[in-house]
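A.B. asks: Supplied in structure tokens, the structure appears directly below.
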Amino acid sequence: MKYRPYVVGIGGTTRAGSSTEKALRHLGREVERLGARWEIFCGTQLLFPSYKADNPERAPAARAMVDAIRDCDALVIASPGYHGSFSGLIKNALDYAEDLAGDSRPYLSGRAVGCIAGGFGWQAIGTTLASLRTVVHALGAWPTPMGVAINTSMKVFDESGEVVNPDVRAELHALAEQLVEFARMRHAYTPRQ
Ligand SMILES: Cc1cc2nc3c(=O)[nH]c(=O)nc-3n(C[C@H](O)[C@H](O)[C@H](O)COP(=O)(O)O)c2cc1C
């Protein structure tokens, strides 16, 4: 039987009907179809305090997210473009990766990380995707070749939240395949006792 990777998603906004959250949920269903397990931390679940490097106390929600990242085989980060880069909500969540510095797999090392960037136009999507990938590199992960662009000035979702834009569907499918494939390769490669 094929290994069932654990894929964690972080993203979205606190806005009801967040497009980046919808895209993340679609991605979750795609990886599940490919045999993976998934869990996401979205919007209001990410409203924990600003990361404090000098105080080890953590909100339970922050601890749950960090524990999930620690255990995951692959990660997906989804953010809208806010003023040309990714949102502060997501940056703060990613700052908590500092709590993984002392792990046997420090920060995000050993994991494939996919990025989904949204925006009301292409320009901020490009800069947001590039910013997310810079952070992923800094955290020692393996950014996937596919990065997904959600242009909310176009019709991307239907009324039920389903992704109806064929290009976005194809990109999310390709991203799901890359995450699951890398996680399975990595699992097969990793020596076990
Ligand atoms: C504070 C703020 C800043 C934004 N800045 C930009 C921007 O610089 N460029 C852009 O194309 N869209 C910008 N937007 C639009 C959002 O990126 C876009 O509406 C996105 O789809 C929102 O994501 P959500 O649906 O997940 O909430 C901004 C929206 C907000 C609320």
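Only the coordinates and a few stated rules stand behind these numbers; no lab work does. Quick caveat, the model's predicted, so the values are computed rather than measured. All Cβ positions, glycine included, derive from the backbone under ideal geometry; neighbour counts span all protein chains shown.
A.B. asks: Taking only Cα atoms of the range 1-121, what ratio of Rg to Rh do you get with Rh as the Kirkwood inverse-distance radius?
C.D. replies: Value, to two decimals: 0.96.
A.B. asks: Still on this model: Under the 0.36 nm per residue contour assumption, what length would be gained going from the current alpha-carbon distance of Ser109 and Arg15 to full extension? Working shown, then result.
C.D. replies: Details: separation 94, 0.36 × 94 = 33.84 nm, distance 3.10 nm.
Gain on stretching Ser109 to Arg15: 30.7 nm.
A.B. asks: Report the antiparallel proportion of the DSSP beta bridges in the chain as a percent, rounded to a multiple of 5.
C.D. replies: Details: 3 of 28 bridges.
Counting DSSP beta bridges with both partners in the chain, the antiparallel share is about 10 percent.
A.B. asks: For the range 64-193, what is the convex hull volume of the alpha-carbon atoms per residue, in Å³? All intermediate terms of the calculation are to be shown ahead of the outcome.
C.D. replies: Details: hull volume 15.5 nm³, N = 130.
Convex hull of Cα atoms, per residue: 119 Å³.
A.B. asks: Among Gly81, Gly119, Trp142, flag the residue with its Cα farthest along the positive direction of the charge dipole of the chain, charges on Cβ as +1 for Lys/Arg and -1 for Asp/Glu.
C.D. replies: Towards the positive end, the residue furthest out is Trp142.
A.B. asks: Run the reach check for Lys155 against lysines, Cα to Cα strictly under 22 Å, same-chain hits fewer than 8 apart removed. What comes back?
C.D. replies: In chain and number order, the partners are Lys22.
A.B. asks: With a point put 7 Å past each Cα toward its Cβ, work out how far Arg192 is from Thr152 in nm, to one decimal.
C.D. replies: 4.1
A.B. asks: Now for a separate question. Quick one: of the DSSP bridges fully inside the range 1-101, what percent are antiparallel, nearest 5?
C.D. replies: Working: 2 of 13 bridges.
Around 15 percent antiparallel, to the nearest 5.
A.B. asks: Give, as a single signed number, the net charge of other residues whose beta carbon lies under 12 Å from the beta carbon of His187, with Lys and Arg counted +1 and Asp and Glu -1.
C.D. replies: Result for the neighbourhood of His187: +4.
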